[in-house]
Amino acid sequence: MIEDDLRAAFARHEPLTPSTGPLRAAIDRLAATRRRRRQRFQAAGVTLALLAALGVGVPQLRPDRPVEGSLLPGRPADVPTEALNVLLLGVDGFGEEPSYRLADSILLVHIPADRSRPYLISLPRDLEVSIPGRGIDKLNSAFFSGADETRPDLDAGYDLTRRVVTDLTGVRVDAGAVLTFAGLRRITDAVDGVEVCLPNEVRSWHTRRIFPAGCQQLDGAASVDLLRQRRYLPDGTFDRDRNAQRYVAGLIRRAAAQDVLSNPVRLAALLSAAGKGLTVDDDGLPLTSLVAVLPKLKSVDPVGLSLPVGPPAGNASRLQLDPKQGPAFLAALGEDRLARWVEQHPEQVNRTR
């Protein structure tokens with residue numbers, strides 16, 4: 001009797017229940033969008049991380065030798081003429097997913113409007129910034145906050161970091177990528193190692209390995225070991241940022257020497273190496289447009305720079321923007337006159353070889 005009454009009550013109220021069709025369709029559309037964003041340029045994302053970072057070797061993509069596949073579609077790409085900024089994040093971790101979800105390497109690549117040469121700008125991980133939804137914290141915490149503590153999401157971590165970097169620098173971020181150390185290790189091994197030139201000896205805090213001063217060939221595991229080091233280094237995280245710039249330059253040189261950048265078969269093999277260790281954001285600037293810009297660079301020799309910061313104040317683990325040089329540097333970046341800044345401050349240039 002009770003069951004019959006319940007069935008009758010449900011039957012009377014069923015016409016009043018809103019249709020779930022529109023809600024289900026909206027959820028499916030959102031899921032499909034996130035899926036496409038994560039997958040659509042996963043392979044081509046390595047090109048963004050390697051070529052866009054420094055622009056080295058891009059002229060070897062000869063006009064009479066088009067790259068097949070999704071990297072360069074059949075129709076010509078629109079070539080932007082304004083200055084461009086690409087955000088590259090390196091995430092620590094030991095497995096396929098980042099274990100700490102902190103962006104310990106934060107690089108802003110500036111390509112000036114005159115296409116003179118690329119500038120690779122390291123943003124200190126310990127810089128004190130304002131993070132939406134978290135308040136005042138270190139810059140690398142933005143990725144942790146966005147990626148979520150329970151279900152890590154590289155896309156969301158990048159999105160929040162991009163917002164913070166835009167607020168910090170005052171420049172638009174046109175594209176970007178997140179590369180985990182697991183992905184970096186596979187890319188390095190795919191090119192049979194990378195030559196990294198160090199000005200001083202580096203001792204690994206994690207493995208006790210010694211990296212001598214000078215140029216040396218590193219496999220994937222050794223490269224990751226080197227890029228994780230900040231202890232024992234005279235300038236700590238600043239030296240780690242400089243080593244990251246040296247590694248990227250060596251990786252590009254290695255790929256160019258192996259004819260990877262102009263051979264579609266070898267390029268395809270390298271593009272698939274990162275696997276799930278890489279995610280790409282190109283919503284603002286299509287990847288094809290970025291690749292079309294890079295051959296126009298007058299010089300492929302990168303300039304390594306660091307955002308000027310002052311000594312820690314208050315909390316010793318946090319850094320502040322240098323009150324004098326910091327605003328002047330950001331003004332030069334925003335006004336696209338970093339070449340003049342470098343001429344006036346040659347001591348600020350980080351050698352990549």
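The values are calculated or read from the model by the stated rules, or taken from the named source; none is laboratory data. Every value quoted in this text rests on a predicted model; they were computed, and no experiment measured them. Every residue, glycine among them, receives a Cβ derived from its backbone with ideal geometry; neighbour counts consider all protein chains shown.
Restricting to segment 115-146, name every residue that is among the hydrophobic types (A, V, I, L, M, F, W, C) and in contact (Cβ under 8 Å) with a residue 40 or more places away in the chain.
Result: L120, I121, L123, L127, F143, F144.
Exactly one of these conditions fails for S223: (1) closer than 20 Å to I121 by Cα; (2) of a type in the set (S, T, Y); (3) free of Cβ contacts under 8 Å to residues at least 60 places away in the same chain. Give me its number.
(1)
Search segment 312-353 for residues being assigned to a loop (DSSP other than H, G, I, E, B) and small (G, A, S), and hand back the single one that is farthest from C215 (Cα to Cα).
Here is the first cut: in segment 312-353, the ones assigned to a loop (DSSP other than H, G, I, E, B) are 312-318, 320, 322-324, 335-337, 345, 349, 351-353.
Imposing the further condition that a residue be small (G, A, S) reduces the set to 313-314, 316-317.
Numbers: A313: 36, G314: 39, A316: 34, S317: 32 Å.
By that ranking, first place goes to G314.
Run down T161, T169, T188 and say which single residue is over 30 Å from G334 (Cα atoms) and in contact (Cβ under 8 Å) with a residue 12 or more places away in the chain.
Going through T161, T169, T188 in turn, just one is over 30 Å from G334 (Cα atoms) and in contact (Cβ under 8 Å) with a residue 12 or more places away in the chain: T188.
Would you confirm whether any residue within segment 300-315 is of a type in the set (D, E, K, R) and modelled with pLDDT under 80?
Within segment 300-315, one or more residues are of a type in the set (D, E, K, R) and modelled with pLDDT under 80.
Sort through L285, L297, L321 and tell me the only one that's buried (at least 22 other Cβ atoms within 10 Å of the Cβ) and either at pLDDT 70 or above or more than 25 Å from T169 (Cβ to Cβ) (or both).
Among L285, L297, L321, only L285 is buried (at least 22 other Cβ atoms within 10 Å of the Cβ) and either at pLDDT 70 or above or more than 25 Å from T169 (Cβ to Cβ) (or both).
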